[in-house]
Amino acid sequence: MMKKFLDLGRQPIANAYLTKEDFANEFFYNLEVGFDEETKLVSLINQIKPEKMFVDDYPYHSSSSSTMKNHFKEAAQTIKTIFGNDVRVLEIGSNDGVFLKNFDKNKAVAVEPCKNFAQMTNEMGYRTYDEFWTESLAEKICGENGSFDVVYSANCLCHMPSVFDAYKAIFKVLKSGGTLISECPSMFSVLKNTAYDQLYNEHPHLLSLTSTNNLLKEAGFSMINSTDLECHGGSYRVFAGKGNYFAQIDGLDKEKLAGLHEFSTYERFAQKVEKSKTLLRGILEGVGGKTISYGATAKSSTVFNYCGIDSSLISYIVDTTKEKQGKFSPGVHIPIISREEANFDDVSHIFLGAWNYLKEIREKEKTFNGNFITHVPFPNILPSA
Ligand code: TMP
């Protein structure tokens, strides 16, 4: 049974950037979060239909930061090292091909429901199915391509209405002895960093290793290994094989000690989220000068809408993504401009909408003399270098 522990209020679709003409018809929903006592899975109580989110002009490019480009190159290299250069890979949620491009065109097949990206990777020469991941698609892909040694999926399974159904479909396309490698933001890091901004419509579920393990078992898999990743502010890379066998997973013990299987842990998290909001508003209202935000992220959409932060506190947002520039952020309607358009001479503070890229941003903005503001692991002001 799902028990509610957090209410982040009225929220827009996080990756839906708007023109002024769109304001009147903007869609909102209530972002409430619950914990399932049986599977230990954290999920949004009101889920948005995938077709409403993963649209054909979806704006988020996985290769929009060098951090993520390097990450996917490393992931591909790891897979080739473990499984050999001839490994046959199916990627679910291939976005702009940032992972795929590290493989031979005849070795990797992809699934990507956003047609803008599917067209891009098809043109690059990688067979890409522009559909949502389902058991019937799995059967079709298997029929047309045979089964796969590895299924890789990064930041995608937690986007699906049912993670369990996604695993069951993956079971169908993997060879016996095949491996599922999935990456998703880590619930452990969310709790540790009070990173409530990982909660938005595109993440109907936030997975812990504990819930992942329970769902994998139910779908006929066993978790073989897991590694912690730095990306997206803390993620897991989980390896799972078909069948029922035992592997010692240290992360599961760590989560048990931290209480990720207990509802009371999430209730305490909700209290910290409430405090984070008060502190962040206090900082933004108190600093004076001109504050802007770096990265028009889905995460910052949750923060701004939950904390009621609009253009009276954040003058504008800079973002490298062409599709976001010239538009307004969801819900609170802060203007988004390119970095080139922005002049930081009169900017005293930069809020880190993309806090997970702090290192990369500091490197790029060496000449900025003001301070950064972040809300993780708690709201505070950081020096620029
Ligand atoms: P993400 O946190 O979901 O990966 O989104 C990162 C967003 O931040 C994406 O829109 C690109 C943007 N961004 C910049 O505009 N400049 C940067 O230097 C970095 C690292 C990201």
So what's the gap between the Cα centers of region 69-135 and region 327-385, to the nearest angstrom?
32
Which whole-Hz ³J(HN,Hα) couplings does region 158-163 yield from phi under the Karplus relation 6.51 cos²θ - 1.76 cosθ + 1.60, θ = phi - 60°, glycine and proline marked x?
6, 8, 8, x, 10, 5
Cut-off under 5 Å, modelled amide H: who pairs with Ile45 long-range:
Glu32, Val33, Gly34
Roughly how much of His333 is accessible, in Å² to the nearest 10, using a 1.4 Å probe?
40
Are there any GluC sites (Glu not before Pro) in region 1-46 that are in a DSSP loop and have at most 15 other Cβ atoms within 10 Å? List them by number.
Glu26, Glu37, Glu38
With N denoting the number of residues in region 132-260, provide Rg(C-alpha) divided by 2.2 N^0.38 Å, to two decimal places.
1.04
For region 219-294, run through the chymotrypsin sites (Phe, Trp or Tyr not before Pro) and keep only the ones in DSSP coil with at most 15 other Cβ atoms within 10 Å of their Cβ.
Tyr245, Phe246
Cα Rg, Dmax, the chain, angstrom units:
20.6, 62
Just to make sure I understand: if all protein chains stay in place, what is the order of Lys80, Lys192 by accessible area at 1.4 Å, largest first?
Lys192, Lys80
Given axes a ≥ b ≥ c from the Cα gyration tensor, I'd like to know whether region 192-310 is rounded (a/c under 1.5), prolate (a/b larger than b/c) or oblate.
prolate
5 angstrom amide H check on Phe372, placed H, neighbours 5+ away:
Ile350, Leu382, Ser384
Phi angles of region 135-142, converted by Karplus (6.51 cos²θ - 1.76 cosθ + 1.60, θ = phi - 60°) into ³J(HN,Hα) in whole Hz with x for Gly and Pro, give 5, 5, 5, 4, 5, 4, 5, 4
If you count only protein heavy atoms and use a 1.4 Å probe, how large is the accessible surface of Glu139, to the nearest 10 Å²?
100
Using a probe radius of 1.4 Å on heavy atoms only, what accessible surface per residue do you get for region 194-257? Whole Å² is fine.
39
Keeping all protein chains in the complex and leaving out DNA, RNA and ligands, what accessible area do you get for His61 with a 1.4 Å probe, in Å² to the nearest 10?
40
Coil-residue trypsin sites (Lys or Arg not before Pro) of region 260-334, DSSP, other Cβ within 10 Å capped at 13:
Lys322
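The values are calculated or read from the model by the stated rules, or taken from the named source; none is laboratory data. Note that this is a predicted model, so its numbers are computed, not measured. Cβ coordinates were reconstructed from backbone atoms using ideal geometry, including for glycine residues, and neighbour counts include every protein chain displayed. SASA here: full protein model, heavy atoms, side chains in, ligands and nucleic acids out. Shrake-Rupley method; radii C 1.70, N 1.55, O 1.52, S 1.80 Å.
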